[in-house]
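In what follows, a structure is listed as structure tokens, so that the remarks can point back to it.
The values are calculated or read from the model by the stated rules, or taken from the named source; none is laboratory data. This structure is a prediction, so every number in the text was calculated from the model and none was measured. A quick note on method: Cβ atoms are made from the backbone with ideal geometry, for glycine too, and the neighbour counts reach across all protein chains shown. Surface areas here come from the heavy atoms of the whole protein model, side chains and all, with no ligands, DNA or RNA. Shrake-Rupley method; radii C 1.70, N 1.55, O 1.52, S 1.80 Å.
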Amino acid sequence: MSLLEIKDLHVTYGSGAGAVPAVRGVDLTVGAGQKLGIAGESGCGKSTLALALLRLLPASAKLSGEILLDGEDVLTMKWGRLRAVRWAGASIVFQGAMHSLNAVHRIGDQIAEPLLVHRQATPAAARGRARDLLEQVGLPAARADAYPHELSGGQRQRVMIAMALACDPQVIVADEPTTALDVMIQAQILRLIERLVADQDISLLMISHDLAVLADTCDRLAVMYAGRVVEEGPAQQVFTGAAHPYSTALSGAFPRIGDPASRRAPRGLPGDPPDPAALPSGCTFHPRCPVALDECATTAGPELRDAGPAWQAACLLVRPDGGPVAEPGAEEARSTS
Ligand code: ADP
Ligand code: MG
């Protein structure tokens, strides 16, 4: 049994004509100590998936499927159990720490709070642990007395990570944890997250629109498009030889962090992901796909199929014997198939 198993997860905001199906049948697993990256452009359902894991979605969101954390379904947990799980089972690091930290409380007190509430720590013990955690994330313990506005963006993100670590979670969900930061600081924070999860044997579910960031940090990669996983496989293989044309476009569309030499000429990816309330027929990527066949507009799904060992992609062009399809832009793919 994997530590985290997501089974046929659907999340729809609202109902009736205005319903927004943001996540449409996602299956994913994360083993103990494993690092799974989730990539995809804005609007593909990544944050909805992350929030669903801890049932942090607004009441308008309807969920179905299963989210098993250590075998226990988060979606059917009672509130008391859920509150405990939110810190000790899985905790979350969001993008833009300024919105998640309370401006009027010292950061040491904010880190100590979950320990007081969920661990019944004494105030002195919680304060001591908060200072230890600050040092673990590379900040001086004395910064415990600072207010959020006295810290830089990178330091605030370190505080968020310290909070996420406070109750020794089994899994950390990091939703675009570095997107708001400049490139040098991004790389530092990523290395910090990597080191902490490795040292403490924590599983990581890291979300980014940037495939390169995820390929550097994670063991496996899942690529989401229009609320579904369209490819999932070993991180480096998906990044360097994606099986799905969307993943290929995504891997070329963004520069590599902290490595200007490998900054490829962005091939770009024209257009935007579809509005979930008005999805195209057939493969939802076909209107933007440079190698789409006529049948891609009409064949629903397509379902994930094998693209290699422990590697799957949802594309009609993925060969059953595995291996990537031609890169977008390769005209011969269109004429020979
Ligand atoms: P991502 O994190 O990949 O950018 P999101 O999960 O934030 O994607 O959004 C997926 C889709 O769900 C988008 O179309 C977005 O507009 C919609 N959405 C997100 N939050 C809400 C909400 N609270 N109410 C209605 N629609 C939402
Ligand atoms: Mg998001």
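Note on segment 266-287: residues that are at negative phi, free of Cβ contacts under 8 Å to residues at least 40 places away in the same chain and surrounded by 14 or more Cβ atoms within 10 Å (Cβ to Cβ) amount to 4. Elements of the type helices (runs of 4 or more DSSP H) sitting completely within segment 71-176 and holding at least 1 residues that are among the small types (Gly, Ala, Ser), crowded, with 18+ Cβ neighbours inside 10 Å and on the phi < 0 side of the Ramachandran plot: these cover 107-118, 123-136, 153-165. The condition of being within 16 Å of the chain's Cα centre (by Cα), of a type outside the set (Val, Ile, Thr), in the same structural domain as Asp210 (by TED's automatic domain parsing) and in a strand (DSSP E or B) does not hold for Gly43.
Can you name every residue in segment 183-207 that is outside any helix (DSSP H, G or I) and open to solvent by less than 10 Å² (accessible area, probe 1.4 Å)? Within segment 183-207, Ile202, Ser203, Leu204, Leu205, Met206, Ile207 meet the criteria. Applying the selection to segment 29-45, what residues are surrounded by 24 or more Cβ atoms within 10 Å (Cβ to Cβ), within 12 Å of ligand 1 (Cβ to nearest atom) and on the phi < 0 side of the Ramachandran plot? Within segment 29-45, Ile38, Ala39, Cys44 meet the criteria. Taking the criterion of being at pLDDT 95 or above and surrounded by fewer than 17 Cβ atoms within 10 Å (Cβ to Cβ), the residues of segment 1-13 that qualify are Lys7, Asp8, His10. Within segment 17-28, none of the residues are in a loop (DSSP other than H, G, I, E, B), open to solvent by 30 Å² or more (accessible area, probe 1.4 Å) and not charged (D, E, K, R). Looking across segment 48-70 at every residue that is open to solvent by 50 Å² or more (accessible area, probe 1.4 Å) and touching an Asp or Glu at 6+ places or on another chain (Cβ under 8 Å), the one that is farthest from Pro234 (Cα to Cα) is identified as Ser64. The test for being open to solvent by 10 Å² or more (accessible area, probe 1.4 Å) and either modelled with pLDDT of 90 or more or away from ligand 1 (no atom under 16 Å from the Cβ) (or both) does not hold for Ala180.
For the structure I just gave you, tell me whether Gly33 is in a loop (DSSP other than H, G, I, E, B) and within 16 Å of ligand 2 (Cβ to nearest atom). Spelling it out, it is not the case that Gly33 is in a loop (DSSP other than H, G, I, E, B) and within 16 Å of ligand 2 (Cβ to nearest atom). In the condition set (1) in contact with a Leu (Cβ under 6 Å, 6 or more places away or on another chain); (2) more than 14 Å from ligand 2 (Cβ to nearest atom); (3) farther than 21 Å from Ala300 by Cα, Ser60 is compliant with all but (1).
Applying the criterion of being open to solvent by 10 Å² or more (accessible area, probe 1.4 Å) and in contact with a helix residue (DSSP H, G or I) (Cβ under 6 Å, 6 or more places away or on another chain) to the residues of segment 220-235, the residue that is nearest to Ile172 (Cα to Cα) is Arg220. Taking segment 43-95 as the range and being among the β-branched types (Val, Ile, Thr) and at pLDDT 90 or above as the test, the residues that pass are Thr48, Ile67, Val74, Thr76.
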